[in-house]
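Data block below; observations after.
Any read-out appearing in this document is the output of simple, stated calculations on the displayed coordinates, not a laboratory observation. Values in this document were obtained by computation on a predicted structure and should not be read as measured data. Cβ: placed from backbone, ideal geometry, glycine included. Neighbour counts: every protein chain shown.
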Amino acid sequence: MTTGAPIPSSAARPPRSRLRTFLPLGIAAWLVLEIWLLTVVAGASSGLVIFFLLLAGLVLGAVVIKRAGRRAFQNLSQAVQQGTAPAGGGGSGLMMLGGLLLMIPGLISDAVGLLLLIPPVQRALGRYAERTVERKLRRAAPGTLGDAFQQARMHRPDGKVVQGEVIRDEPGGGAPQGPRPPLTH
């Protein structure tokens, strides 16, 4: 199924981003560092201590994810009943990420996961992420996903964003038209 948008040629394809270039290398380095740190700590103490640390991280991560998911669901259902936007947008997501990092075996991921459970860190990261997304949406090139988000929003003079829908007045008296053909070739 096509939408009628032209298929970009290989010459017009944008260059590979730095994130896509270095992300696999970063993940590999993180895994090697996690394994090395686990062996160092196991050598300094015992394998049983490492086992209990990893087990505690798994249990704590599961509890955090369950609690954050329950809180996010309660916020969503309350917002739906009131007809407003959900409160506390990114806090539950960062708590879930912290819980996931706690569940991943490794001491560095556990430390980062515990750091994400601290409320001031959550607020600071939430504000940073919001500013970053807004900046990227403002710089979105035509035809990209960010451009679609920009076109689907209307800004009111007081700064609030209102979701909208485009309704075209077709010539011909506004009589209902038949079903449209599918968008396939």
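Per-residue packing, averaged as other Cβ atoms within 10 Å, sorts the ranges 94-102, 113-121 into the order 94-102, 113-121, beginning with the highest.
Computed on the Cα atoms alone, the convex hull of segment 11-84 gives a volume of 149 cubic angstrom per residue. Calculated on C-alpha atoms, the gyration radius of segment 50-136 divided by its Kirkwood radius gives an Rg/Rh of 1.06.
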